[in-house]
Structures are given as structure tokens and as C-alpha cells.
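Input: a single structure, listed below in C-alpha cells.
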Amino acid sequence: MKPFLILQLRPEPEASDNEFEAILTKSGLSREATHRVQLNQEDLPDDLNLDSYSGIIVGGGPGCVSDAPEDKTEIEARIESAILSLMPEVTERDYPFLGCCYGIGVLGHHLGKVVNKDNYSEPVGTADCSLTEDGKTDPLLSGVPDRFEAFVGHKEAMQRLPEGCTHLVSAPTCPFQMVRFGSNVYATQFHPEADADGFEFRIGIYKHNGYFDPEAADELIEMCRAADVYAPELILRNFVETYARAI
């Protein structure tokens, strides 16, 4: 099988490692079946050839594409520039792509700068997600119930559906939870790789990043432990099973 390209955007090494392990576990991929690029530490290879891969999975991160340039750290700006540089080829070729959390910001920004902080920010917690009619027939949502809980926590969101996109998953707090551009380019607002343990770990790392009052961390951890989040990981596994390609 051609490997999957895993692009990670988190500047914090502990969070990045935890996310990578979660992606492997939930997708069913082995380390040998991936090419991991940590954009906080390294640049995209100059000779990067998408034909060498089965698809791309992009992780989350604390950055916001809608922030003014002067409000982004040097690392955040470099990471954002790197991932955005791939999007013209990805969307033009309709190349298999799954952007998780930050990934919907990247896709929405590339397709029409439709991501900002005007509406639909969600505090750290769970979203009550529902499949749209199109979502009910999409292969990446095979086996996912019509309603399910997913872990969220974001400051910006897609404000409207870009041209060429199909709306797959909605929630009362943020309508565009999952979209598809063309036939093969996907992005989620929620975290398909996250379970209670993983989100508890991130709460500890990001407690001073403005997502929530640091004093509320223990309460949020208890919420994570009580949440019934199991369905979103099927999206990762379905993505791998759908797009795994022979060498």
C-alpha cells in the first residue's frame, strides 16, 4: 500500500505525539504505512509528489487562519503557509484529503476565505452532531449513526458553505461540522481522532490558550470522561479503507 501522508500542525511536541498515536489507533494504520511530517519542526519536502501517497490526513492545531498576520507566531505562520501551499493541487486534482479541526479552516480559507470568528465558536466539549441527507450516503460516514457526539473546541468556524462543497454533518452550535469538496476532499470541524483520554491530555496542554477558563479544566476533564464519543473515529478508518492504494 502507498503510505498516507500525515501532516501535523501542533507546535507542542507532546500534543503532536499524542495526536499522531491517536490517528494511528483510530485509522488502523501502522507507522510503516504513514509518512509523518511535523510542520512545526520541518518543511514539506521539496520533492513532495502526491502520487507517492494514498492520501493526506491533516491534524489539528491551536492556530487560526482568520487571525491577522501580526497575531500569529512565526511557527504558526510557517505551518499555515506550508499546508495552504498544498491546497491548490489537492482541490484541482480532487485528491484524497481529510483535514481534522484546523483542516476545515485551511480548506475554507483556500476555497473562499469563509472561515472567521464572527459566529459558531464552540467551547471545549462535545457537539451534538447530525448527518445531513448527503451525509447519510457518503462513504466516509458509513456506519456512523444519524446522530452522534464529537469532541470540539475552536475559536473560528466556516461561516458559509463554499462553492463546490457538500454539507455532510451539522450541529446546533456550529452548522458546518463536516464538508466535502468535490468527491474526495474532506474536512471536519470536530476531532475524529479524539477520545476522552486524548481530549483530557489536550485540556492540560492548552489550558492557557484561551479556549476556556483554566480554573474550569477539572470540570472539563470530568465532562470528557462522561461523554459518549465513539462514532467519529469511524471516519478515519473509512478514509483509509476507501483510499488505500496499491504500490
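None of the figures in this text is laboratory data; all of them are computed from the coordinates on show. Computed from a prediction, not measured in an experiment: that's the story for all the values here. Reconstructed Cβ throughout: ideal geometry from the backbone, glycine too, with neighbour counts over all protein chains shown.
Worth pointing out:
- Modelled spin-label separation between R245 and T166, with each label point placed 7 Å from Cα along the Cα-to-Cβ direction: 2.0 nm.
- Simple point charges give the picture: +1 on the Cβ of Lys and Arg, -1 on the Cβ of Asp and Glu, and for the chain a dipole about the Cα centre of about 640 debye.
- Rounded to 0.05, the FRET efficiency of the D134 and E92 pair, given R0 = 22 Å and the Cβ-Cβ distance, is 0.45.
- Residue-averaged 222 nm ellipticity for the chain, from DSSP H runs of 4+ at -39500 (n - 2.57), nearest 500: -10000 deg cm²/dmol
- Added length on full extension, which subtracts the Cα-Cα distance from 0.36 nm per residue, D47 to A216: 56.3 nm
- Ordered by the count of other Cβ atoms within 10 Å of each Cβ, fewest first, E70, E42, E156 give E70, E42, E156.
- Each listed q (0.13, 0.16, 0.17 Å⁻¹) maps to a log10 I(q)/I(0) for region 143-247, found by the Debye formula over equal Cα scatterers with no solvent: -0.57, -0.82, -0.91.
- Close amide H contacts of R36 (hydrogens built in the peptide plane, cut-off under 5 Å, sequence separation of 5 or more or a different chain): I6.
- Net charge of Cβ neighbours under 11 Å - reference P3; Lys, Arg +1; Asp, Glu -1: +3
- Rg/Rh for the chain, where both radii come from Cα atoms and Rh is the Kirkwood radius: 0.93
- Rounded to 5, the percent of DSSP beta bridges in the chain classed as antiparallel: 55 percent
- Entries in K2/K113; K26/K72; K2/K136; K72/K113; K113/K136; K113/K207 that, when Cα-Cα distance is taken, lie over 21 Å: K2/K113; K26/K72; K2/K136; K113/K136; K113/K207
- All Cα pairs of region 89-221, percent lying beyond 19 Å: 49 percent
- Dipole magnitude (debye, nearest 20) for region 100-229, charges at Cβ of Lys, Arg, Asp, Glu: 560 debye
- Neighbour-count ranking [beta-carbon atoms within 10 angstrom, fewest first] of K117, K72: K117, K72
- At q = 0.15 Å⁻¹ the log10 of I(q)/I(0) for region 65-159 amounts to -0.73, computed by Debye summation with a single uniform scatterer per C-alpha, solvent ignored.
- Each peptide in 167-178, 25-36 gets a packing score, the mean of other Cβ atoms within 10 Å over its residues, and the list from highest to lowest is 167-178, 25-36.
- Using a cutoff of 8 angstrom between alpha carbon atoms and counting only pairs six or more residues apart, the relative contact order for the chain works out to 23 percent.
- Unit charges on C-beta of K, R, D, E only; dipole of region 67-169, Debye: 40 debye
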